[in-house]
Amino acid sequence: MLFLPGPLAFADGTQVDLGAYADKVTGVPKELAGADYLTKGKYLTEAADCMACHTAKGGKPFAGGRAFKLPFGTMYTPNITPDRETGIGNWSDAEFIRAVHKGISRDGSRLYPAFPYASYALLTDEDVLAIRRYLATVPSVRQANKPLAFSFPYNQRWLMIFWSAFFRPSDGFRPVAERSAEWNRGAYLVEGLAHCGECHSPRTVAQAMDTRSKFGGGAAEGWNAYNISSDRKSGIGDWTPQQIAEYLKKGHAPGRGVASGPMAEAVELSFSKMTDSDIAAMVTFLRTVPPVSSSRQPQMAGPAPTSPVAGKPFTGTGAKIFSGSCAGCHNWNGRGALVVEAQLTNNRAVNDATAANVALMILNGFGKSSNPRAFMPSFRESYTDAEIAAVANYVTGRFGSVPSHITADEVKKLREE
Ligand code: HEC
Ligand code: HEC
Ligand code: HEC
């Protein structure tokens, strides 16, 4: 890459001093500046969350096989352990960099954008190589890749040439001179390494990130990944910096709700392992993301009423299930009888009129019973789709701003996610 001194004006009017930060841009936090290459590589690999996608449920780390359901079929992640036959042990550094930056596999075929290379394109070559060095030290696993189960024409990898040409930021990370070093670091992490926009942005019909509404809310594995722009109503503009930091670090922002599903996994495997200075940098950047307002994104309601009000009856199947199976932990007023994490009021998922996240939470449960602060049993086997729909609709109607109307059929689909 060429480093030019002095300010440079881009077509969109941004003034960028390439010389100011370019040599300092790296995903390695200052706490690890003196660490060895492998320690740096491990940190970067965790911050990029490579393991989450490249490990099947109950499978060996990085050996691939995790299923991703897309609108046109199912795909499985490949093996990225150092095994020379079924993994990437035989790949050259250049081939690895090309895959992570451009979404091109070793044989030249195009990879689908379920692999977040549009975000990783912003990473420096050096960071990608540090990840490569670390991956070369993880246990080798011999496990062949599963073929795509896409229907025609989506199984035609060559079509991806067009997608990639349209949707990939090809310039690498360009620091913005008027912004602080901390902001630039946060931008590198949020936009690139931690790839928040991949889940939190809508997708186009071709499944590429819709950058026009970046951070305006998207989806991941059936879950809604809410608006994280600075919009005060549908985004996180009125969260305090501490609330955002705690949510990323611990998966719970007091008074704002908990991270469940894919967000809980990202917190556990990735964000909770980042340094406080990196979390702070991400918060600094996030607070400057321009507001994307969206009427489709849930607005928040105040505390739930303690006695029935019109349109929100406390009776019926949902109410019965709630009092029998949920109120013991969540309390009848939803404010979390046992632990603060179980507060249902002022929680985005509960204010989501699709009720998708609420239904998935009831189906899947959360955590291990050995940790009572963050444990919720799975009700998958205890209730039918219709019963789960009823209690989900009860929860949103009772504790949220708009009652949901999730159907048994929709719950059935979520059960299979
Ligand atoms: C959000 C999920 C996700 C994350 C995070 C992710 N990957 Fe992947 N990756 C995929 C998927 C899906 C594919 C397969 C795409 C295809 O087959 O078209 C893939 C493909 C690859 C390939 C190509 C392998 C081959 O045999 O062609 C490499 C290399 C790779 N990923 C490395 C990484 C690294 C390194 C990281 C972390 C920096 C990472 N991935 C993070 C989902 C992910
Ligand atoms: C793998 C997908 C995925 C990635 C990557 C991801 N998120 Fe999320 N995020 C979600 C989902 C799903 C939810 C909803 C969780 C719930 O309902 O409990 C969520 C919720 C949130 C919320 C709470 C929003 C609200 O209104 O309650 C914040 C804040 C957030 N994410 C920030 C981030 C940031 C910052 C990053 C990157 C550092 C990030 N997320 C990366 C999927 C993701
Ligand atoms: C054993 C205690 C327990 C029981 C029983 C329980 N929950 Fe929970 N629930 C929790 C805890 C703890 C959390 C917060 C988990 C975390 O830390 O992420 C939670 C979180 C939730 C959330 C928030 C999800 C999100 O994405 O923000 C919803 C909705 C929910 N529970 C609904 C229910 C419903 C409906 C029932 C009954 C069918 C139920 N819970 C039964 C303990 C429980």
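The values are calculated or read from the model by the stated rules, or taken from the named source; none is laboratory data. Predicted, not measured: the structure shown is a model, and the values here were computed from it. We place every Cβ from the backbone using ideal geometry, glycine too, and count neighbours over all the protein chains shown. Note: accessible area is taken over every heavy atom of the protein model, side chains too, but ligands, DNA and RNA are not part of it. Shrake-Rupley method; radii C 1.70, N 1.55, O 1.52, S 1.80 Å.
Miscellaneous remarks
- Restricting segment 239-251 to residues that are buried (at least 17 other Cβ atoms within 10 Å of the Cβ) and in a loop (DSSP other than H, G, I, E, B), the residue that is farthest from ligand 2 (Cβ to nearest atom): Gly251
- Residue check, Ala389 in a helix (DSSP H, G or I) and of a type outside the set (D, E, K, R): yes
- One residue from Gly103, Gly197 being buried (at least 21 other Cβ atoms within 10 Å of the Cβ), within 15 Å of ligand 2 (Cβ to nearest atom) and at pLDDT below 95: Gly197
- The residue that is least open to solvent (accessible area, probe 1.4 Å), counting only those in segment 38-65 that are touching a helix residue (DSSP H, G or I) at 6+ places or on another chain (Cβ under 6 Å) and among the basic types (Lys, Arg), is Lys40.
- Set Ala208, Ala220: member being at pLDDT 90 or above and either within 16 Å of ligand 1 (Cβ to nearest atom) or in the same structural domain as Asn351 (by TED's automatic domain parsing) (or both): Ala220
- Reported count of residues in segment 202-232, each being open to solvent by less than 30 Å² (accessible area, probe 1.4 Å), within 16 Å of ligand 3 (Cβ to nearest atom) and acidic (Asp, Glu), is 0.
- Test: residue in segment 364-376 that is away from ligand 1 (no atom under 16 Å from the Cβ), closer than 20 Å to Val402 by Cβ and without any contact (Cβ under 8 Å) to a residue 60 or more places away in the chain: no
- Those helices (runs of 4 or more DSSP H) of segment 314-368 in which at least 2 residues are surrounded by fewer than 16 Cβ atoms within 10 Å (Cβ to Cβ), considering only elements entirely within it, cover 317-321, 327-330.
- Thr284 open to solvent by 30 Å² or more (accessible area, probe 1.4 Å), more than 25 Å from Val340 (Cα to Cα) and modelled with pLDDT of 95 or more: yes
Residues checked against (1) open to solvent by less than 40 Å² (accessible area, probe 1.4 Å); (2) within 29 Å of Ile362 (Cα to Cα); (3) among the hydrophobic types (A, V, I, L, M, F, W, C):
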| position | (1), (2), (3) |
| --- | --- |
| Gly237 | yes, yes, no |
| Ala266 | yes, yes, yes |
| Met274 | yes, no, yes |
| Ser277 | yes, no, no |
| Pro291 | no, no, no |
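- Selection of segment 401-417 for residues being out of contact with any Ser or Thr (no Cβ under 8 Å at 6 or more places or on another chain) and open to solvent by less than 30 Å² (accessible area, probe 1.4 Å) yields Val411, Leu414.
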